[in-house]
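Notes for the one structure printed next.
Only the coordinates and a few stated rules stand behind these numbers; no lab work does. These numbers were taken from a predicted model, which means no experiment stands behind them. Glycine also receives a Cβ, built like all others from the backbone with ideal geometry; neighbour counts cover every protein chain displayed.
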């Protein structure tokens, strides 16, 4: 995954949860190797929210969910799979 994919992933996640995405909020944690993080927000059907830290590093895009919500992880996996399929041209 590349930086442009990371932006697409973060933006899609934020907009899906009815939040604005600001690329300026992406933090470059390390230059070599390049590591970026973005603090996103998950909103469930009852309007409860939890923080999600999305990271791009040599392994690709990963995430940490503050409260370990299973529905947040499911949503992130769906978005990630869709991004991978789009990259593969499926």
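Assorted remarks:
- Computed over the chain with a Gaussian network model linking Cα atoms closer than 10 Å, the most mobile of 13, 21, 42 is 21.
- Ranked for footprinting exposure by Cβ neighbours inside 10 Å, fewest first, 83, 76, 56 give 83, 76, 56.
- Between helix 70-88 and the chain there is an angle of about 40 degrees, using the helix long axis and the longest principal axis of the Cα atoms.
- Paramagnetic reach from residue 50 (point 7 Å along Cα→Cβ, amide N under 13 Å) across segment 67-90: 67-76
- Taking 0.36 nm per residue of separation and subtracting the current Cα-Cα distance, fully stretching the chain between residue 64 and residue 19 would add 14.4 nm.
- Segment 8-88 - percent relative contact order, Cα under 8 Å, separation 6 or more: 22 percent
- Degrees separating the helix 3-16 axis from the principal Cα axis of the chain, which is the longest one: 10 degrees
- When you restrict to C-alpha pairs under 8 Å that are six or more residues apart and normalise by the size of segment 51-90, the relative contact order lands at 26 percent.
- Exposure proxy ranking, count of Cβ atoms within 10 Å, fewest first, for 50, 37: 50, 37
- Shown here: volume of the Cα convex hull per residue in Å³, derived from the displayed model; of the candidates (1) 113; (2) 207; (3) 94, it corresponds to (3).
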